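Heads up, the thing below is written out as structure tokens.
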């Protein structure tokens, strides 16, 4: 397989058609080797338009979803970012390339350990990894300029909104199968938020994601 041709085709045939046109995002996709973060047995699938299984019932996002979310977050070089769901570590690496600091949390210790090795191999030192359940909150009073949940959540915990600094952006996929919506929430002033629906998609839920209270007759 011609890896560079496959990477080029991924960008031109999957990512650009999904309205990802930011040159900084596109350049990064060529520079950061996605195949290095894919499980070795599935390396040949690194540039395919599919979710790649990681084990433990989890998968990598599709390339076009990774790129679109990165564009929507509009990160600045001074931003502090929270990622809920480290997975392969690839999206954390993308975030780290555009931000000052990334805090990435995963409930699965295997993912945390594997991501640590891959990030280290790429010389990425501004990602701080934690193994914990952060499906409802990650207690950090310093706040964040961007938060991204890489798994869906039937309802979005208000705690994440409260972690946003003014001007901060939160990306989350909310709802349940078969209808989920990608949302971008912006903190416009202390305690004030604006939410925009970006597109519809379906991804696996975060482990222990909150659900609406059951109706009891």
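Brief remarks follow.
- Ranked by how many other Cβ atoms sit within 10 Å of their own Cβ, fewest first, the residues 185, 81, 207, 196 fall in the order 196, 207, 185, 81.
- Sorted by Cβ neighbour density within 10 Å, fewest at the top, the residues 202, 108, 187: 202, 108, 187
- Cα gyration tensor shape of region 100-217, rounded if a/c is under 1.5, else prolate or oblate by comparing a/b with b/c: oblate
- Computed over the chain, relative contact order equals 14 percent, with contacts defined as Cα pairs under 8 Å that lie 6+ residues apart.
- Additional length obtainable on full extension of the chain from residue 5 to residue 19, 0.36 nm per residue less Cα span: 3.0 nm
- Length released on extending from residue 76 to residue 51, taking residue separation times 0.36 nm less the Cα-Cα span: 6.2 nm
- Exposure proxy ranking for 122, 128, based on other Cβ atoms within 10 angstrom of each Cβ and starting from the fewest, stands as 128, 122.
- Our note on the geometry: Cα centres of region 189-213 and region 125-161, 12 Å apart.
- In percent, rounded to a whole number, the relative contact order of region 1-110 is 23, using alpha-carbon pairs under 8 Å and six or more apart.
- Highest mobility in the GNM of the chain, judged by mean-square fluctuation with C-alpha springs under 10 Å and restricted to 61, 138, 18, is found for 18.
- Residue-averaged 222 nm ellipticity for the chain, from DSSP H runs of 4+ at -39500 (n - 2.57), nearest 500: -7000 deg cm²/dmol
- Cα gyration tensor, the chain - rounded (a/c under 1.5), prolate or oblate: rounded
Each value in this text was obtained by applying a stated rule to the coordinates, not by laboratory testing. Computed from a prediction, not measured in an experiment: that's the story for all the values here. Heads up, the Cβs are rebuilt from the backbone with ideal geometry, glycines too, and the neighbour counts pull from every protein chain shown.
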